[in-house]
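Here's the structure, in structure tokens; my notes come after.
The values are calculated or read from the model by the stated rules, or taken from the named source; none is laboratory data. Owing to the predicted nature of the structure, the values given are computational and were not obtained by experimental measurement. Glycine also receives a Cβ, built like all others from the backbone with ideal geometry; neighbour counts cover every protein chain displayed.
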6 protein chains.
Amino acid sequence: MAVVVTKITRPSPELVASAESFGVATVHEAQGRKGLMASYMRPIYPGARIAGSAVTCEVAPGDNWMIHVAVEQCQPGDILVVTPTSPCEDGYFGDLLAASLKARGVKGLIINAGVRDVATLTDMGFPVWSKAIYAQGTVKETLGNVNIPIVCAGAAVSPGDVIVADDDGVAVVAREELAKVVEKAEEREANEVSKRGRLEAGELGLDIYNMRVRLAEKGLRYIDSLEDK
Amino acid sequence: MAVVVTKITRPSPELVASAESFGVATVHEAQGRKGLMASYMRPIYPGARIAGSAVTCEVAPGDNWMIHVAVEQCQPGDILVVTPTSPCEDGYFGDLLAASLKARGVKGLIINAGVRDVATLTDMGFPVWSKAIYAQGTVKETLGNVNIPIVCAGAAVSPGDVIVADDDGVAVVAREELAKVVEKAEEREANEVSKRGRLEAGELGLDIYNMRVRLAEKGLRYIDSLEDK
Amino acid sequence: MAVVVTKITRPSPELVASAESFGVATVHEAQGRKGLMASYMRPIYPGARIAGSAVTCEVAPGDNWMIHVAVEQCQPGDILVVTPTSPCEDGYFGDLLAASLKARGVKGLIINAGVRDVATLTDMGFPVWSKAIYAQGTVKETLGNVNIPIVCAGAAVSPGDVIVADDDGVAVVAREELAKVVEKAEEREANEVSKRGRLEAGELGLDIYNMRVRLAEKGLRYIDSLEDK
Amino acid sequence: MAVVVTKITRPSPELVASAESFGVATVHEAQGRKGLMASYMRPIYPGARIAGSAVTCEVAPGDNWMIHVAVEQCQPGDILVVTPTSPCEDGYFGDLLAASLKARGVKGLIINAGVRDVATLTDMGFPVWSKAIYAQGTVKETLGNVNIPIVCAGAAVSPGDVIVADDDGVAVVAREELAKVVEKAEEREANEVSKRGRLEAGELGLDIYNMRVRLAEKGLRYIDSLEDK
Amino acid sequence: MAVVVTKITRPSPELVASAESFGVATVHEAQGRKGLMASYMRPIYPGARIAGSAVTCEVAPGDNWMIHVAVEQCQPGDILVVTPTSPCEDGYFGDLLAASLKARGVKGLIINAGVRDVATLTDMGFPVWSKAIYAQGTVKETLGNVNIPIVCAGAAVSPGDVIVADDDGVAVVAREELAKVVEKAEEREANEVSKRGRLEAGELGLDIYNMRVRLAEKGLRYIDSLEDK
Amino acid sequence: MAVVVTKITRPSPELVASAESFGVATVHEAQGRKGLMASYMRPIYPGARIAGSAVTCEVAPGDNWMIHVAVEQCQPGDILVVTPTSPCEDGYFGDLLAASLKARGVKGLIINAGVRDVATLTDMGFPVWSKAIYAQGTVKETLGNVNIPIVCAGAAVSPGDVIVADDDGVAVVAREELAKVVEKAEEREANEVSKRGRLEAGELGLDIYNMRVRLAEKGLRYIDSLEDK
């Protein structure tokens, strides 16, 4: 291949803002426990939480040329999502590319590979979730693709899907499902608020969620000591 | 199986407080260099140091039902220790369960699996040592065990054993050995204080520990350059 | 073997200071993208950046005896570089050895193994880059070597080579190449400053680096949607 | 969700047979170097080579219930492709399920998890490519999905896609692209046969592929020794 | 510590022979899905299946001295189980130690570390399950323990426990539970034989195990295509 | 850089043949337990044992161009040693390159990356030790180096060094040390033959190596049971 798809449909900014307010764990639950990237995708600094529309970028191992191509396709509110065609931890991305993305209003980077200049990126407040921190440089020789469907860190991502990222990792929501997911997330959050109060007051989940009968039916036994087994 | 052992013997709070004051590395040394969990068990935020009595909990992979059961068995000063029956990084534990444990006076969680809501847990000051940070949700379908002897991250833990956890990792001390371990830790610490002063003053460990003779006996040679070998 | 080489040639302090000012990523690029340690070598706390002359130390697995020997060979401005002869994550190094190194003016430790007492090391401001944080203690039974050429975390290091370490990892520069590398790093940095300004102003790397023609020659196609492929 | 899609479109048996004859490496190249599962997917015994139409199955961690559901959807010539919703190495599959699949004419199993009874599976000649060999048993409590698009070991798989598996690993070909891929594979194979003869006769790839000019243009230098650098 | 416990109680040879006949997966199931070592414990050659009484041996990292001590404690029918006190892949064991164990009637070795001389061990027919194959030599400097309770590859093992090992991995059965486990294994095997015939005849597990009603109750839906969702 | 060093000094063929006869573990011991590659370097089929003179080749990640360049520098009896400049598992090497190397009398390949066509390579009897088996293809865009000193899988290798590889892994012997290493290996082997006979006859290593006194001095205690501790 080697194509750049220039017209992609982005999600509603209002819905994206809602998704951002909920964070990864809630969004993941709200969409039926799917769409998570692998647990090795970690933020370079704690405390960031972003959501945005995915611009996807597939690169060759050790070659960051297509990231430069992808920058041009980014718009304010986007999140750039990069994956190599085979596993690679090289430092594809540093402070100059971050300056460029920031100038375009991009909210952050998700990269299934390595990143460098992390001290500067932290100072800039440009959040990155990556597989590794690694200073290893890359070349600019081999083409790849921008804005095609990719698999990044175990999750399928299409351009225009919604990325939500925080200290818990990275979640992907299909654009068409976003409205429904946000709605469910609102319900879930509302429900959690009331639960949290009761739990903080010392009530037990066993009682709040009414678990005791079902546990007994399954055969759970309470004994004084293992000798009673 | 599928049992909850309700009567366990806890260690002396005074001894636990002593163990907490020493931290993981000293306690580990004081008990003869045993009882450490694997190095992949990392705190979700730096700076916490806790010690407490273990409540153990064995869960099925991807299923956190038994953690709800275990909460009820916890008392003030306890530390909950959770391990799945086969390797799993799912996010078994989040802010609601933390609220519940905190309400009961539990000091922290040790989990050989994943945890989520880590930003909130950090805000709450509820420390967790885990194998992974991962938003992946779990189900409530399969029974497990509470307060039976388990192996967690390579270390054997019995209910009522003492857990010590800090930035260096997680150590386990058998309840019956705690008094002796605390005594040895006190000796070690006293010894280290005096050593530290001499080292800071520039004295060498080679001399303080009287190593030079034994090194020579073993055959260590000092040469000007490799050509002299 | 089992030798301690006592006379090593150190690099120019001025050049080392220059290398420190550039950091790992720039130095690595300036020397032709070589000399990096593996990405698993991580700092125990963020924000440190050091450069110094390597004192090398080869230890047996689970045995830190030779680190005590190596301390004596260290001078102000040095960085101690330790690797076991086979993979090991044990906690070879803690606050007492750090006190000793600090007393001698050593700038930090690079260890392809584990470290402990990291809370104290952080308080002391003694930076360490390591493979693991692990409280596991070590013995003092087996000889090793000090100041021989070693391979540490995938990188060849000779005594007197320059180590540069920061949040991006650890780089090694051969002593003889340092002057040239610093010169190239200066050029690179100057070049980046001007680029950074243009990128921040919204200019694209595609244009600044004149990439469009070569991308087209290689066959990159811009299409509206994948249906046009 | 929790659905079983019962009507899927399968690829042409003739094209599948062609793909099988070429093997993984050739098919992967013929489709533009995409569609490979991760390198950790290994056969339980050497020498098997299969191709077939994918029946996909998404399971909960530690729960093989849906494999029983998936069996019914399998037809002769199919290959069952199973992935858990989060990483798991449990032994989801053994000799009884293999007997059932074999009775239905299924050619093999691809599972991004563990398998057991591998000695019996080897005796039966039922090939499996898996992430692990692990006797750990699973439960039957949680629903999943059959014949929906999945990501398995880093590769996107839709039901009816073609799986090719041999000692080199596992490749996925989209059903719609199969004819074109087979055509390209034929060309590639024909080309390789002629190349192979010349290489066996001692001709160099440098000459056959005409690489010398381009290498020189890029700046490759032949020198007698590193001193000449 | 540093002790050798010389009197251990071994299990009944008849029961051990039964356990051997069933293999790892069946024994693991028969004892309630517990007692498995980690999936990284692999045989050095395929096809071996052994069961025997455990002699346990705890060694220092990179130090095989205590294996020589453990040999003397071994009797015909035993299996030697070795674990280092911290993770290590060194080659603790080779053909000479195997010759010694073989002369004493020991059936095989389980080692949570490395082994070497595997070609010779294969020729000798001396089976080993290990974490790694690695030629790295070890020293003889540090004491350890023989016949104390250990944790090996995630499983607790006491001297005199029964080890079962085959191509599926390694299982541990507590000596006191062996009779009951063998009994359950017999039931399970009998049950499987009848199931296997029906499955080979094309009957579905869905029907044999009567799963359809419960699947429907849980909400599983059969649909023609995803559009019907 | 990007150089091909055309004149390298090779070791004596007689000494290489001796090294081959001893195998990896003995050679490694004979040279003082150094020079081993990492344990992840595994043969693609069991039973091969080779030794030869190293031709080194440094490649970019995902780019096998320089292997074609290296082939021309190979002579009968050589072993090609390839490492990428950053970690990569791509399939750099397949049956065509093997045909080319075989035509030149090369004995095998050591590659710190992936290999493919392993079924064909096995049929050809061309042995490869690699980090991975992976069908992923590579490009030909970026220069590297041939016959410069490299670090491969943790071991330093200079062109003309001796590679020994068998089922235990891969060892490197510096050319200048080969004669001495072979001599020591002969002594070691002679010594082992006599030991082996005594061990097979049931004599204990404890007695043959005279270990009992030193064990007692170190404090090893023999006790009937742990209660006597």
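A few points about this structure:
- Test for E:Gly219: is it farther than 22 Å from D:Asp117 by Cα and loosely packed, with under 13 Cβ neighbours inside 10 Å: yes
- Scanning the stretch B:92-120 for residues that are touching a strand residue (DSSP E or B) at 6+ places or on another chain (Cβ under 6 Å) and closer than 15 Å to A:Asp166 by Cα turns up B:Val115, B:Arg116, B:Val118.
- Answer residue from the stretch E:12-22, given it is in contact (Cβ under 8 Å) with a residue 40 or more places away in the chain and within 14 Å of chain D (Cβ to nearest Cβ) and is surrounded by the most Cβ atoms within 10 Å (Cβ to Cβ) among those: E:Ala19
- Every condition in (1) within 24 Å of the chain's Cα centre (by Cα); (2) not in a loop (DSSP other than H, G, I, E, B) holds for C:Leu215 except the one numbered (1).
- If you go through the stretch E:77-118 and pick out every residue that is farther than 21 Å from E:Val16 by Cβ and either in a strand (DSSP E or B) or among the basic types (Lys, Arg) (or both), you end up with 8.
- Some residue of the stretch A:62-76 being under 18 Å from the mean Cα position of the chain (by Cα) and surrounded by 24 or more Cβ atoms within 10 Å (Cβ to Cβ): no
- Selection within the stretch F:100-123: residues that are among the charged types (D, E, K, R) and within 23 Å of D:Ser194 (Cα to Cα). The member of this set that is surrounded by the fewest Cβ atoms within 10 Å (Cβ to Cβ) is F:Asp123.
- Scanning the stretch E:188-206 for residues that are in a helix (DSSP H, G or I) and either touching a helix residue (DSSP H, G or I) at 6+ places or on another chain (Cβ under 8 Å) or within 7 Å of chain D (Cβ to nearest Cβ) (or both) returns E:Arg188, E:Glu189, E:Glu192, E:Lys195, E:Arg196, E:Arg198, E:Leu199, E:Glu200, E:Gly205, E:Leu206.
- Only listed residue being free of Cβ contacts under 8 Å to residues at least 12 places away in the same chain and either in contact with a helix residue (DSSP H, G or I) (Cβ under 9 Å, 6 or more places away or on another chain) or among the hydrophobic types (A, V, I, L, M, F, W, C) (or both), chosen from B:Ala113, B:Ala119, B:Ala155: B:Ala119
- Condition met for C:Tyr45 (touching a residue at least 12 places away in the same chain (Cβ under 8 Å), closer than 22 Å to C:Lys102 by Cα, surrounded by fewer than 19 Cβ atoms within 10 Å (Cβ to Cβ) and within 13 Å of another protein chain (Cβ to nearest Cβ)): yes
- Selection within the stretch F:59-76 - touching a residue at least 24 places away in the same chain (Cβ under 8 Å), facing another protein chain (nearest Cβ under 9 Å) and farther than 19 Å from F:Leu121 by Cβ: F:Ala60, F:Pro61, F:Gly62, F:Asp63, F:Trp65, F:Met66, F:Val69
- Residue in the stretch E:23-38 that is over 30 Å from D:Arg42 (Cβ atoms) and buried (at least 23 other Cβ atoms within 10 Å of the Cβ) present: no
To keep it simple, each residue is scored yes or no on (1) under 28 Å from C:Tyr40 (Cα atoms); (2) in contact (Cβ under 8 Å) with a residue 12 or more places away in the chain.
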{"position": "F:Val162", "(1), (2)": "no, yes"}
{"position": "F:Val173", "(1), (2)": "yes, yes"}
{"position": "F:Val181", "(1), (2)": "no, yes"}
{"position": "F:Glu186", "(1), (2)": "no, yes"}
{"position": "F:Asn191", "(1), (2)": "no, no"}
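- Within the stretch B:150-183, the set of residues being surrounded by 24 or more Cβ atoms within 10 Å (Cβ to Cβ), touching a Lys or Arg at 6+ places or on another chain (Cβ under 6 Å) and either small (Gly, Ala, Ser) or not in a strand (DSSP E or B) (or both) comprises B:Asp161, B:Asp168.
- Which numbered condition B:Asp166 misses (of (1) over 11 Å from the mean Cα position of the chain (by Cα); (2) within 7 Å of another protein chain (Cβ to nearest Cβ)): (1)
- Which numbered condition F:Thr9 fails, given (1) assigned to a loop (DSSP other than H, G, I, E, B); (2) buried (at least 21 other Cβ atoms within 10 Å of the Cβ): (2)
- Selection within the stretch B:184-195: residues that are at pLDDT below 95 and surrounded by 14 or more Cβ atoms within 10 Å (Cβ to Cβ). The member of this set that is farthest from B:Phe22 (Cα to Cα) is B:Lys195.
- Residue match in the stretch C:128-144 (condition: aliphatic (A, V, I, L, M), facing another protein chain (nearest Cβ under 10 Å), assigned to a loop (DSSP other than H, G, I, E, B) and in contact (Cβ under 8 Å) with a residue 60 or more places away in the chain): yes
- Count - residues of the stretch D:50-63 that are of a type outside the set (Gly, Ala, Ser) and farther than 21 Å from D:Ala156 by Cα: 1
- Restricting attention to the stretch E:12-63, the residues that are within 27 Å of D:Thr138 (Cα to Cα), among the hydroxyl-bearing types (Ser, Thr, Tyr) and in a loop (DSSP other than H, G, I, E, B) add up to 3.
- Residues located in the stretch C:179-200, provided they are under 24 Å from the mean Cα position of the chain (by Cα) and of a type in the set (Gly, Ala, Ser): C:Ala179, C:Ala185, C:Ala190
- Considered as a group, the residues in the stretch B:77-92 that are surrounded by fewer than 24 Cβ atoms within 10 Å (Cβ to Cβ) and touching a residue at least 40 places away in the same chain (Cβ under 8 Å) include one that is farthest from B:Asn145 (Cα to Cα), and that residue is B:Gly77.
- Pairing residues of the stretch E:207-229 that are facing another protein chain (nearest Cβ under 7 Å) with residues that are acidic (Asp, Glu), at Cβ distances under 9 Å and at least 6 apart in sequence or on separate chains, gives E:Lys218/D:Glu141; E:Arg221/E:Asp228.
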